[in-house]
Every structure is written in C-alpha cells, then in structure tokens.
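S.K.: Pasting in a structure now, in structure tokens, and then I'll have a few things to ask.
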Amino acid sequence: PQRAASIDEGHAFESLILKKDIRCFRDALKSHQLSRLAQLETVYRLDNGRTWLQQTTYGDYDDQGHLVRIRAYLADVSRQKRLEATIETTKERLYLALESASIGTWDLSLASQERLVNARTAAMLGYRQDEADLSVHGWLAMIHPFDRARVAESLQQHISHHQQQSLNHEVFTMEYRLQHKAGHYIWVQSCGKAVMGPDESSPSRIVGTLIDITDAKQQE
C-alpha cells in the first residue's frame, strides 16, 4: 500500500523495479520507439527480489509511424520462476551425480529410431558426442555379435510390455559388450525405462544410463 501511494504521488514506476533489472525494463520501452514493435514481452523482478513480473507492452503508432503511447499489462509469474529455479537446481544436482559416478546417459526416440547420448557415454566408447552412428542399426552394430540378439529381444520385450501397460513402472537392466572406436570391446551395464507418449497409449522414448563395468567383468 505504501509503495502504491508513492506512485500516486508522482514517483516513476521503475522505482519499484530491482536495480539490476531496470535496464531490461527501459530497453523494452525503447524498443517500441526505435524498432516500431507492435508487441513485446519481457520479464523482470520487483525490488524485493522475490516478485517476478511478466510485462506485455503494445505500441500504438499514428499514420506517420510515430509512437503515440505504450500500453503495458503485468502478470505475476513468481510461482513459475520459482518452479523453473527448482527444476534447474534438480537438473544440476543430477548432472553432478552422474558425472561423479562416471555414468553415461542415452535417450532413444522410438519414432525416429535415433539415440541421443551425453558426452560421458560417447567418451566411454572413444567417440566425440557428435561422431558416433547412433541410429538403432548403428548401435546394434556396435554390440558384440554374441550379445546382439539378446539385447534386441530384451528391448523389444520391454516396449511390448509397456504397450500392454503391464509393466508401467518396470526398469530393465542388461549387461553386454559394446565395441570401442579403437576396436576392442568393453562391458557395460545399461538400465532403461520406457516413457509413455502424450496420449499415454504407447511409449514414445526409452531413456537410460550406461556404466562401464569392464574392470569388474575382468575380475570375475
């Protein structure tokens, strides 16, 4: 209420904005004058540092293209920003946990049959992240011939079970050999789980992890 009163007394609205974000607010208004934008969205914080506002501004121009006025609409997006911060923190913690444990990750799209891997998985096999053939056929070709049929059968069985929604929370684990870029084979332990598509009728992806267990296998 006191803040609102100060605005009524003639103080500028930007006096309520966090100092670090004032430039963002000003640049948004200048853009209408310099670029003749019809609409622009920007996000900034109030000076309490906790309240986030999404500002949507509309520029009104006369027949000669001169800016007549700027209309602004504000929405409180603090809850969304807190959720985004929580998600980013969780992702960072997960990344650090995977890195510290030397765990690779992979993500197989069942529609495109393309597999995405992180840098750890690629390095495990001697490749750069953008270098290996990550198609389904390319990945199967890297699997040891003695393990290839078993891995393909287990993967297909997992997909079929999810399509029937009989193992909706099941995580599969397999151990098999993958060929390193240098030509030798390494033993890996792969864990994965199918992720259902938007319609919840069938899986759209399989995501999983990969761990190099060659040393443990040699000790066995």
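The values are calculated or read from the model by the stated rules, or taken from the named source; none is laboratory data. All of these numbers come straight from a predicted model, not from anything done at the bench. Quick reminder, even Gly has a Cβ in these numbers, built from the backbone with ideal geometry, and neighbours come from all protein chains shown. The accessibility values were calculated without ligands, DNA or RNA, using every heavy atom of the protein model including side chains. Shrake-Rupley method; radii C 1.70, N 1.55, O 1.52, S 1.80 Å.
S.K.: When N is the residue count of segment 24-80, what does its C-alpha Rg come to as a fraction of 2.2 N^0.38 Å?
M.R.: For segment 24-80, the normalised Cα radius of gyration comes out at 1.25.
S.K.: Rank 104, 16, 85 by how far each Cα sits towards the positive end of the charge dipole of the chain (+1 on Lys, Arg Cβ; -1 on Asp, Glu Cβ) and give me just the farthest.
M.R.: 16
S.K.: Let me ask you something else. With +1 on each Lys and Arg Cβ and -1 on each Asp and Glu Cβ, how big is the dipole of the chain about its Cα centre, in debye rounded to the nearest 20?
M.R.: Dipole about the Cα centre, nearest 20: 420 debye.
S.K.: With all pairs of different alpha carbon atoms counted, what Kirkwood hydrodynamic radius in Å does segment 108-196 show?
M.R.: About 13.9 Å, per the Kirkwood formula over Cα pairs.
S.K.: Let me ask something additional. Excluding same-chain pairs closer than 8 in sequence, count the lysine pairs in the chain whose Cα atoms lie under 23 Å apart.
M.R.: Total qualifying Lys-Lys pairs in the chain comes to 7.
S.K.: Hey, another quick one. By how many degrees, 0 to 90 and rounded to 10, does the Cα axis of helix 78-100 deviate from the longest principal axis of the chain?
M.R.: 30 degrees
S.K.: Kindly write out, for segment 123-133 in residue order, the coupling ³J(HN,Hα) from the Karplus curve 6.51 cos²θ - 1.76 cosθ + 1.60 (θ = phi - 60°), rounded to whole Hz, with x marking Gly and Pro.
M.R.: Couplings: 5, 4, 9, x, 10, 6, 5, 9, 9, 6, 7 Hz.
S.K.: Would you please give the residues with an amide H less than 5 Å from that of residue 202, counting only those at least 5 places away or on a separate chain, with H modeled from the backbone geometry?
M.R.: It is 197, by chain and number.
S.K.: Would you please calculate the Kirkwood hydrodynamic radius of the chain over all C-alpha pairs and express it in Å, rounded to one decimal?
M.R.: This gives a value of 22.3 Å.
S.K.: Pop out the carbon and sulfur fraction of the accessible area of the chain as a percent, whole number, probe 1.4 Å.
M.R.: 51 percent
S.K.: Where does the chain land at 222 nm, in deg cm²/dmol rounded to the nearest 500, when only DSSP H runs of n ≥ 4 count, each adding -39500 (n - 2.57), divided by all residues?
M.R.: Helix-only estimate at 222 nm: -11500 deg cm²/dmol.
S.K.: Here is a follow-up. Which distance in nm do the two modelled labels at residue 113 and residue 30 give, with both placed 7 Å along the Cα-to-Cβ direction?
M.R.: Label at residue 113, label at residue 30, 5.4 nm between them.
S.K.: What accessible area per residue comes out for the chain, rounded to a whole number of Å², with a 1.4 Å probe?
M.R.: Each residue of the chain exposes 65 Å² on average to a 1.4 Å probe.
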